[in-house]
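Remarks on the structure that follows.
The values are calculated or read from the model by the stated rules, or taken from the named source; none is laboratory data. Not measured: the values here are computed from a predicted model. Don't worry about glycine lacking a Cβ; one is built from the backbone with ideal geometry, like all the others, and counts go over all protein chains shown. SASA here: full protein model, heavy atoms, side chains in, ligands and nucleic acids out. Shrake-Rupley method; radii C 1.70, N 1.55, O 1.52, S 1.80 Å.
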Amino acid sequence: MRVVTAGIGLRAGHVLSILKEAMPEIEFVGYFDPQPTFLHMIGDDVPRFEDVPTMLTEAKPDLFFVGSPNAFHLEHIKMGLAAGVRIFTEKPVVTTKADTMALAALLAEHGTDQVMVGLVLRYSQHMIDLRSVMSKLGPIVSLEANEHIAPYHGAFFMRDWRRMVKWSGGFMLEKCCHDIDIYNMVTGSRPLQVASFGGRKSFVAPHSPTSNTENEIMHRKASVWESVDDPFLSDGDIIDHQTAIVQYESGASLAFHTNLNVPDEHRRFCVMGALGMAEGDFVRGNLKVTLRDGTLAADHDYTKMDAARASAHYGADHMMVAEIASFLKGETKTLPVGVVDALEAGLAAMAMDEARIGGTIVDLRETWAEFDSYGLRQ
């Protein structure tokens, strides 16, 4: 299988390298990246191309990996679809509502099975085990969840190209679309109304490091393209904390909180159904399901996972790549998550930022009507 990539940053290098482990027959036949810092992860001898169209024409790939900064995804996906190449794109797929609808139109023409997407949490053992007991919970009534990341990671966002909404689409979209997607999955529906609040209060000048130890923490995760040095004085316009309240089409509700400056990070969820509840933490590695009569229906401890594999997205990176490899080989016909799911999660994240910025409750009925007009879910 011949593979090319637009972007060879750390994430692209990591996913492609473990895809090569899963499919030794893969040959990397080209890349496009003006600053290929992590090229060594797929091989320094991979041919370099000056633009994507030339790469797609001359390299004749079977798979096109889109790992470029988010704002370039639509352009690159469009080129891949025009070339008739199967695509894997990193999340978020696109960064604006207009781009979402433009891609929906392209997918209606070319087919949704042409594009796979890296919403890796759907592949996690947490979600596999949760899906297996969902019927025991009864109708989902309410949820509370969060994604809290450590200061070194938050500082990376404030130094990296992701700090600029024009490139990333905003923090909620860039980082939390995974979470929004899995709660769409859990409720079996999409957000109907959204309210949200947040801003930037931690990564500001008065809270700059006062010791070498703190300063080292803030530079632990390297950034490459369009980076700046100081996360507390950067020109970034993303937020560092946000809370969203969501009402779903199903009638369920969600309270979701994210923060970029949490020394003891966690990524927790609690799902309450009419007949039981499920609570878990991706970081701490647990999932417990309790029925309303007190019966413990499941109690999982994921901390004993193979350390090498558990180090990336709680083990889900290797699980995702294994399923994608089976899919590409024709051994399986479907994947746990598709590009339509990703676009719906993206629109929900965009609505959260619209609500936060405008100080209003955003109603998504018209958005879903427009999106559904492309007939992507049949």
### Summary
Going through (1) open to solvent by 30 Å² or more (accessible area, probe 1.4 Å); (2) under 26 Å from V94 (Cβ atoms) one by one, V186 fails only at (1)
### Query
Taking region 164-173 as the region of interest, how many residues are in a helix (DSSP H, G or I) and either polar (S, T, N, Q) or open to solvent by less than 10 Å² (accessible area, probe 1.4 Å) (or both)?
4
### Task
Please work out if T89 is buried (at least 24 other Cβ atoms within 10 Å of the Cβ), over 26 Å from N259 (Cβ atoms) and at pLDDT 95 or above.
yes
### Checklist (1) at pLDDT below 95; (2) buried (at least 16 other Cβ atoms within 10 Å of the Cβ) applied to T210, failing item
(2)
### Query
Which numbered condition trips up H241, out of (1) out of contact with any helix residue (DSSP H, G or I) (no Cβ under 6 Å at 6 or more places or on another chain); (2) without any contact (Cβ under 8 Å) to a residue 40 or more places away in the chain?
(2)
### Summary
Flagged in region 244-270 as aliphatic (A, V, I, L, M) and in contact with a Pro (Cβ under 6 Å, 6 or more places away or on another chain), in numbering order, are V246
### Query
Of all residues in region 114-125, which are in a helix (DSSP H, G or I) and among the aliphatic types (A, V, I, L, M)?
V120, L121
### Query
How many residues are among the small types (G, A, S) and under 21 Å from V117 (Cα atoms) when one looks only at region 47-66?
0
### Query
Does D230 fit the bill of being under 13 Å from F157 (Cα atoms) and open to solvent by less than 60 Å² (accessible area, probe 1.4 Å)?
yes
### Task
Evaluate the following for V141: is it closer than 18 Å to F256 by Cα, touching a strand residue (DSSP E or B) at 6+ places or on another chain (Cβ under 7 Å) and of a type in the set (A, V, I, L, M, F, W, C)?
yes
### Message
One residue is enough: does region 345-353 have a residue meeting the conditions at pLDDT 95 or above, over 23 Å from A195 (Cβ atoms) and out of contact with any strand residue (DSSP E or B) (no Cβ under 8 Å at 6 or more places or on another chain)?
### Response
no
### Query
Name the residues in region 69-83 that are under 15 Å from W161 (Cα atoms) and open to solvent by 10 Å² or more (accessible area, probe 1.4 Å), would you?
P69, A71, F72
### Task
Please give the number of the condition L16 fails out of (1) over 25 Å from L343 (Cβ atoms); (2) under 22 Å from the mean Cα position of the chain (by Cα).
(1)
#### Entry: Out of I182, I239, sole residue that is modelled with pLDDT of 95 or more and either touching a Cys at 6+ places or on another chain (Cβ under 7 Å) or in a loop (DSSP other than H, G, I, E, B) (or both)
I239
### Task
Could you tell me whether G273 is modelled with pLDDT of 95 or more, touching a Pro at 6+ places or on another chain (Cβ under 7 Å) and over 26 Å from F171 (Cβ atoms)?
yes
### Query
Which one of these does K60 not meet: (1) within 21 Å of E174 (Cβ to Cβ); (2) open to solvent by 50 Å² or more (accessible area, probe 1.4 Å)?
(1)
